[in-house]
Amino acid sequence: MLLKRGLTMASDIEEGKALAGIMFLLPIIGPVGIVGSIVLWAVKKDNKFVNYHFKQLLILWIASLIASLIAGLLILVLIGFVLLPIVVIGSIIIWIIGIINAFTGLQKPLPIIGKWGETFNF
C-alpha cells in the first residue's frame, strides 16, 4: 500500500477501497452514475482515501470534458477527427488506471492530470 505523505491511515484505505472503486465504476451508467458517485463521496468524504480518489475522478471528468470539447470544435478544421479518438482512448486508459488504484488501495495521482486533482481543497 502506498501512503501519500502519511496522511491516509491504513484503516481509511481498507474501509474505502471498495467505495472508491465503485465511485470510479458508477459513471458507466451515465448521469445517474455520476450523481451516484457524488452521493457516495458525500456520505464518506471524511475517509481520506475516498476523498482523494473522488478528487482524482473529478479532475478526470473535468479534463475529459474540456479535451473532448476542444477536439469536437477542431472537427471543423478536420484535425478533430484525429484528436477526438485520442482523447477518448486516453481518458479510458486513465480511468482504468484510477479503477485499479482505487480497488488495490493505491493512493497515487492519475497519469498526466492527477497532480491537478491533488490541489482541490475539500
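Conditions tested, residue by residue: (1) surrounded by 19 or more Cβ atoms within 10 Å (Cβ to Cβ); (2) touching a helix residue (DSSP H, G or I) at 6+ places or on another chain (Cβ under 9 Å); (3) at pLDDT below 95.
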{"site": "17", "(1), (2), (3)": "yes, yes, no"}
{"site": "24", "(1), (2), (3)": "yes, yes, no"}
{"site": "37", "(1), (2), (3)": "yes, yes, no"}
{"site": "45", "(1), (2), (3)": "no, yes, yes"}
{"site": "62", "(1), (2), (3)": "no, yes, no"}
{"site": "75", "(1), (2), (3)": "no, yes, yes"}
{"site": "78", "(1), (2), (3)": "no, no, yes"}
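Residues to consider are 108, 115; find the one that is of a type in the set (D, E, K, R) and either surrounded by 13 or more Cβ atoms within 10 Å (Cβ to Cβ) or not in a helix (DSSP H, G or I) (or both).
Going through 108, 115 in turn, the sole match is 108.
Assuming residue 8 fulfils every condition listed in (1) surrounded by 13 or more Cβ atoms within 10 Å (Cβ to Cβ); (2) modelled with pLDDT of 95 or more; (3) over 11 Å from the mean Cα position of the chain (by Cα) apart from one, which condition is it?
(2)
Any idea which residue in region 64-73 is farthest from the chain's Cα centre (by Cα), counting only those that are surrounded by 14 or more Cβ atoms within 10 Å (Cβ to Cβ) and more than 25 Å from residue 45 (Cβ to Cβ)?
Step one: of region 64-73, the residues surrounded by 14 or more Cβ atoms within 10 Å (Cβ to Cβ) are 64, 67-68, 71.
Now drop any that are not more than 25 Å from residue 45 (Cβ to Cβ), which leaves 67-68, 71.
On the way: 67: 15, 68: 16, 71: 20 Å.
Top of the filtered list is 71.
Among all residue pairs at least 6 apart or on different chains, which show Cβ distances below 8 Å where the first residue, located in region 109-122, is over 18 Å from residue 99 (Cα atoms) and the second is assigned to a helix (DSSP H, G or I) and among the polar types (S, T, N, Q)?
Pairs found: 122/51.
Cβ contacts < 8 Å: first residue within 18 Å of residue 63 (Cα to Cα), restricted to region 74-88; second residue of a type outside the set (Asp, Glu) and surrounded by fewer than 13 Cβ atoms within 10 Å (Cβ to Cβ), any location; separation 6+ or different chain. Result?
80/73
So that you can scan it fast, the table gives a plain yes or no per residue for (1) under 19 Å from residue 101 (Cα atoms); (2) in contact (Cβ under 8 Å) with a residue 24 or more places away in the chain; (3) not aromatic (Phe, Trp, Tyr):
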position	(1), (2), (3)
16	yes, yes, yes
30	no, no, yes
40	yes, no, yes
57	yes, yes, yes
60	yes, yes, yes
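For residue 1, indicate whether it is touching a Leu at 6+ places or on another chain (Cβ under 9 Å) and modelled with pLDDT under 95. If you could, list the steps in order and put the result at the bottom.
Numbers: touching a Leu at 6+ places or on another chain (Cβ under 9 Å): yes; modelled with pLDDT under 95: yes.
Yes: the conditions hold for residue 1.
Given the conditions (1) aromatic (Phe, Trp, Tyr); (2) at pLDDT below 95; (3) in a helix (DSSP H, G or I), report the number of the one that residue 103 does not fulfil.
Checking residue 103 against (1) aromatic (Phe, Trp, Tyr); (2) at pLDDT below 95; (3) in a helix (DSSP H, G or I), the one that fails is (2).
Scan region 87-97 and tell me whether some residue there is β-branched (Val, Ile, Thr), under 22 Å from residue 119 (Cβ atoms), in contact with a Gly (Cβ under 9 Å, 6 or more places away or on another chain) and not in a helix (DSSP H, G or I).
no
Give the residue that is surrounded by the fewest Cβ atoms within 10 Å (Cβ to Cβ), with candidates limited to residues of region 80-105 that are closer than 29 Å to residue 47 by Cα and among the small types (Gly, Ala, Ser). Before you say what the answer is, go through the steps one by one.
First, pick out the residues of region 80-105 that are closer than 29 Å to residue 47 by Cα: 90-105.
If we keep only those that are among the small types (Gly, Ala, Ser) too, we end up with 90-91, 98, 102, 105.
Details: 90: 16, 91: 18, 98: 26, 102: 27, 105: 19.
That would be 90.
The values are calculated or read from the model by the stated rules, or taken from the named source; none is laboratory data. These figures come from a predicted structure and were not determined experimentally. Virtual Cβ from ideal backbone geometry, glycine too; neighbours counted across all protein chains shown.
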